[in-house]
Amino acid sequence: VKNAAKTKKTTPVSGGTTPQKQKAVLVAAKGYGAEPHIVRFKNVSQQPLGLRYALLKVGEGGELSEVSPETTFHSGDKLKISLMANQSGYIYIIQQGSSGSWRPLFPAPGDLPESNRLEAGRIYQVPSGKSFQFNQQTGEERLFLLLSRQVVSDLDGVIFTLRQQEKG
């Protein structure tokens, strides 16, 4: 994702911390294609973990429109992420800034426990009640979405692993 001359710096704006669900029909009407549904395997233990996501740009009047990950954003632009998992789990969003630094974006420090919990088949928008906002620093930034069946207690370890994979 890029901002003006390629920035994707995201900083939470004011609001709540729990993901909010939306009805699939409303999401389908906003440009996400057909109403999403979950395909299940007979043997649940063999079912792979899956995540459907979309980047949502917040308009001047608060309306949401789906945008491509290659969209160039400008200073002040606001972004939300729409998510749906095929199994219940915990979502984590990690940002690699244009400076190369890494930091967790969601859940944010101080968010309520379980604020990053997703139930299978429900659509959530994160962050709930607020948005990520681009600052004036230009450059290309990356978001990493991590869905886990269990709470990840060592997010710093995950970030370290991502850094190592990028170097390798």
- Mind listing whichever residues of the stretch 127-160 are aliphatic (A, V, I, L, M) and out of contact with any Leu (no Cβ under 8 Å at 6 or more places or on another chain)? 146, 151, 155, 159
- Matching entry among 141, 70 (being crowded, with 19+ Cβ neighbours inside 10 Å, touching a Lys or Arg at 6+ places or on another chain (Cβ under 9 Å) and farther than 23 Å from residue 47 by Cα): 141
- Task: Output the number of the condition that residue 85 fails; it satisfies all remaining conditions of (1) within 16 Å of residue 145 (Cβ to Cβ); (2) surrounded by fewer than 18 Cβ atoms within 10 Å (Cβ to Cβ).
- Result: (2)
- Query: Only one residue in 90, 53 is modelled with pLDDT of 90 or more, touching a Ser or Thr at 6+ places or on another chain (Cβ under 8 Å) and open to solvent by 50 Å² or more (accessible area, probe 1.4 Å). Which one?
  - Reply: 53
- Item | Scope the stretch 109-129; condition closer than 20 Å to residue 155 by Cβ, at pLDDT below 95, touching a strand residue (DSSP E or B) at 6+ places or on another chain (Cβ under 9 Å) and open to solvent by 20 Å² or more (accessible area, probe 1.4 Å); matching residues | 114
- In this structure, does residue 168 turn out to be more than 13 Å from the chain's Cα centre (by Cα) and modelled with pLDDT of 85 or more? no
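The values are calculated or read from the model by the stated rules, or taken from the named source; none is laboratory data. What you see is a predicted model; the values in this text were computed from it and never measured. Ideal geometry is used to build each Cβ from the backbone, glycine not excepted, and the neighbour counts take in all protein chains shown. Calculation scope for accessible area: heavy atoms of the full protein, side chains included, ligands and nucleic acids excluded. Shrake-Rupley method; radii C 1.70, N 1.55, O 1.52, S 1.80 Å.
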